[in-house]
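The values are calculated or read from the model by the stated rules, or taken from the named source; none is laboratory data. Fair warning: this is a prediction, and the values are worked out from it, not measured in the lab. For neighbour counting, all protein chains shown are included, and Cβ atoms are generated from backbone atoms with ideal geometry for every residue, glycine included. When the accessible area is computed, the model is the full protein with side chains, heavy atoms only, and any ligands, DNA or RNA have been set aside. Shrake-Rupley method; radii C 1.70, N 1.55, O 1.52, S 1.80 Å.
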Amino acid sequence: MNSLVTYQVQDSLALIGLARPPVNALGQPLRAALLQACEQADADPSVRAIVIYGTNGLFCAGADITEFGSPASFAAPDLPGLLVRLTAIDKPLVAAIGKLALGGGLELALACGYRIGEPKTRVGLPEINLGLLPGAGGTQRLPRLVGVQAALEMMISGAPMAANRALELGILDRLADSAEQLLQSACGYAHELIANHAPARPSEPFADPAKGLPADFFERYCLEQEPRWKSRLAPRLVFSAVQAACLLPLQQGLERELALFKQAEASRQSEALRHVFFAEREAGKIPGIDPSTALRPIAKVAVIGAGTMGGGIAMNFANAGIPVVLLERQGDALDRGLAHIRKTYAISLKRGKLTEAQLEQRMSLLSGTLEYADLADADLVIEAVFEQLSIKQEVFRQLDSVCKPGAILATNTSSLDVDQIAAVTARPQDVIGLHFFSPANVMRLLEVVKARETSAQVLATTLKMGRTIGKIPVVSGVCFGFIGNRMLEPYAREAHRLVLEGATPAQVDGVLTGLDLNMGVFSMLDLAGIDVNFLVRDANRAAIAHDDSYCRLGDELYSLGRYGQKTARGFYQYEGRERHNDYEVVALSERLAGELHVSRRPIEDAEIHARCLFMLINEGIQLLDEGIALRAGDIDLVWINGYGFPAHLGGPMFYAQQYGLDKVLAGIQHYRDTLGEYGRMWFTPAPLLERLVAAGKTTIERL
Ligand code: CAA
């Protein structure tokens, strides 16, 4: 047996161990080794049952994602064929599922007649997150095992399921008492099956999955769910495959599933989502930092400022079981902050996402103080006070004097110069920027700002900490706005300018949401607050002073007190949660265009798409060239997780690659040449984009 699989015969059982760390991904070599082992067990008359398990405790995380889109994906033995072969073995197969059975891993387990887990086992069909559907029988075998509704729910959500629920549903037949006892219990189970002359496969509880379903089940399901799917292909393909499970016999259903899977695998959306999967893992690897760098322990955290941001940040740590002390200047502000956190947890409790005990346990990890001296034993301090350099610098002077040596001192800033903040301390190597996104307890993006002197150890520790609290940390260098907000600037500039030139906010937003972005620029500004946007802009007027004409619309709305949703008027009018177009904004745009000598004309949707997106992409490429972003994939993660860019488009950099870098460059040059003085001022192609196109490159990388 080759080293990817271990094989032993013990007491009438063949024990087949999957041994391809870290996650036993079912690439071709492992598939071949597994098939060979199963054939051997089938052919051996002394073997009466087979147990498949993961040698390192973890069962299997599914197909090998690196193979998708390449011939290796279906190289013999392909996974669907391998699993069909397993179902034909006339001996009971027991899957001993330690830790995880995901995607093809769960499909492997479903091809076994019997499944045993342990208390920490999680099972799931997360293919949808990769723009795929289960392609090795999952869409046909799961509905026959647990019924259509539960199966659809599992595949459409892609969420992993805990062992107890899997047991209730019948995905697992039993649970071992502990992970350590799993293999032994699986062998015991196999012996029972032999003793009871159990069939190789028990009969399916939902052999005819359509039976008992309301006649309009699929129609209603689609009606309810489709709006959420936007233009995503994978949920529609999952849906079709499950329908096939209801309409077709197993063999034909499997054929239909395979055809749908191949369609998904070849789609641009799946290519994009696979890129995102690997970008997320890549983001944690920092060139020049040895992965074995010793990390500093983070056992206690302090957050300065108990406002919405500080409170949200603190919750992340309490959720991860790490004690946090919140520091405020006034007792009542502290009380309000802690009360707000409790209220937020209470909402989760009401929604059934948290138990009373969990709520109390999390609150018990949160404490408050008015004294800097109480931060002396914190391993990590995150400052979340008002966004003004002098105020933040003052906080850091205090921290420098009270914090223990080796404590990591972080500033939660969205735009300030972290080097200038670090410079007021005697330990700039311990200072780092942590840009949380609001609401900080919900949003997954964390921009980790490496300042000039931040040490490798501090950076590595902070990245690990970010993952511990469930964030996607992305490293950014120091510049105004870091990666995300700096790219937002030219993107939002075009949106504003297009309205001056004759588009309406609704038209601009419509083009962007038509691309599946969560929100358009103007709805986003109305939500975030036109006042907030104005104040940030006003503080940085110098940077845009050579032409701030495009900001005039926002400035005017601010002066009219139209701050957005909170005042029921901004770029739109609001009645409750309903948004309406506002003719006054159009009239205002007309007036401003006159004053600024901007000629108005009907604007095509294609121009909105090109100008907003190309400027966003151009800035991203420039950030890569400047070394502010380490990789194109990091930029994609920032925009997907912080700004609602659809993951199935892969992020703005990946979108540009699929669109064609040459076309993006040509578009920028076109607007530079056709928009007069404005075009010449703003539509300057990033030099790296020009170099990439000149070199015939189709992917965005440093050159
Ligand atoms: N294929 C290839 N590589 C995989 C993989 C897979 N299915 N799952 C994980 N890996 C790799 C990761 O890329 C990473 O590699 P590097 O160390 O080189 O970066 C390594 O395994 C460890 O992964 P994580 O860093 O993500 O480790 P984790 O402990 O945080 O998470 C995990 C482990 C929960 C398994 C997570 O990796 C995961 O969700 N993997 C994807 C699972 C999945 O989507 N499976 C379905 C595949 S599609 C399918 O199976 C189709 C089908 O129907 C046939």
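Structural remarks
- Where GluC sites (Glu not before Pro) fall in DSSP loop in the stretch 150-189, at most 13 other Cβ within 10 Å: E180
- Note on E584 and Q184: the model spin-label points, each 7 Å out from Cα along the C-beta direction, lie 7.6 nm apart.
- Note on N164/T684: beta-carbon distance plugged into 1/(1 + (r/R0)^6) with R0 of 51 Å gives a FRET efficiency of 0.30.
- Note, ³J(HN,Hα) from phi for the stretch 111-121, Karplus 6.51, -1.76, 1.60, rounded to Hz, x at Gly and Pro: 6, 7, x, 9, 9, 10, x, 10, x, 9, 4
- Cα-based helix-to-principal-axis angle, 583-595 vs the chain, degrees rounded to 10: 50
- When only the Cβ of Lys, Arg, Asp and Glu is charged (+1, +1, -1, -1), the dipole of the chain relative to its Cα centre reaches about 680 debye.
- Between L675 and Q40, the modelled labels are 6.6 nm apart [label points 7 Å from Cα along Cα→Cβ].
- For L13, distant residues with modelled amide H under 5 Å away: R48
- Only protein atoms count toward the accessible area here, which uses a 1.4 Å probe; on the chain, the carbon and sulfur part of that area reaches 53 percent.
- Efficiency of FRET between I347 and K566 - r from beta-carbon atoms, R0 22 angstrom, step 0.05: 0.65
- If only the Cβ of Lys and Arg carry +1 and only the Cβ of Asp and Glu carry -1, the dipole of the stretch 448-525 around its Cα centre is close to 500 debye.
- Listed residue (F68, T699, S476) projecting farthest to the positive dipole end of the chain, Cβ model: F68
- Acute angle (nearest 10 degrees) that the helix 661-674 long axis makes with the longest principal axis of the chain, alpha-carbon atoms: 20
- When the pairs K262/K285; K300/K471; K230/K471; K285/K663; K285/K450 are compared against a 21 Å limit on Cα-Cα distance, K262/K285; K230/K471; K285/K663 fall above it.
- Spatially, the stretch 347-365 and the stretch 668-682 are offset by 55 Å when compared through their Cα centroids.
- Cα centroid separation, the stretch 436-461 to the stretch 492-545 (Å): 26
- Taking trypsin sites (Lys or Arg not before Pro) as exposed when DSSP calls them loop and at most 16 other C-beta atoms lie within 10 angstrom, the chain has its longest site-free stretch at 453-576.
- Solvent exposure ordering (accessible area, 1.4 Å, most first) of I347, I194: I347, I194
- Label-point separation in nm, L535 to A606, each point 7 Å along Cα→Cβ: 4.3
- Placing unit charges on the Cβ atoms only, positive for Lys and Arg and negative for Asp and Glu, gives the stretch 301-476 a dipole magnitude near 740 debye about its Cα centre.
- Pairs of alpha carbons in the stretch 301-476 separated by more than 26 Å make up 23% of all such pairs.
- Mean sequence separation of contacting Cα pairs (under 8 Å, at least six apart), scaled by the length of the stretch 269-327, corresponds to a relative contact order of 30 percent.
- The stretch 182-248 and the stretch 1-54 have Cα centres separated by 26 Å.
- Length-normalised contact order for the stretch 142-266 - Cα pairs under 8 Å, 6+ apart - percent: 30
- Estimated FRET transfer efficiency (L213, A320; beta-carbon r; R0 41 Å; 0.05): 0.50
- Cα-based shape type of the stretch 494-541, given that a ≥ b ≥ c are square roots of the gyration tensor eigenvalues and the cut on a/c is 1.5: oblate
- Positive-end residue, the chain charge dipole about Cα centroid, Cβ charges, pick of G310, L254, V324: L254
- Selected from L675, P505, P490, residue furthest toward positive end of dipole (the stretch 484-694; charges at beta carbon): P490
- With all protein chains kept in place, the per residue accessible area of the chain amounts to 41 square angstrom at a probe of 1.4 angstrom.
- Acute angle (nearest 10 degrees) that the helix 28-43 long axis makes with the longest principal axis of the chain, alpha-carbon atoms: 20
- Here the chain carries DSSP beta bridges of which approximately 30% are antiparallel, counting only pairs with both residues inside.
- Relative contact order [Cα under 8 Å, 6+ residues apart], the chain, whole percent: 9
- When DSSP beta bridges are restricted to pairs lying wholly in the stretch 1-81, around 45% turn out antiparallel.
- For the chain, the percent of C-alpha pairs falling in each 10 Å distance bin, counted from 0 to the bin holding the largest distance, reads 3, 13, 20, 22, 20, 13, 6, 2, 0, 0.
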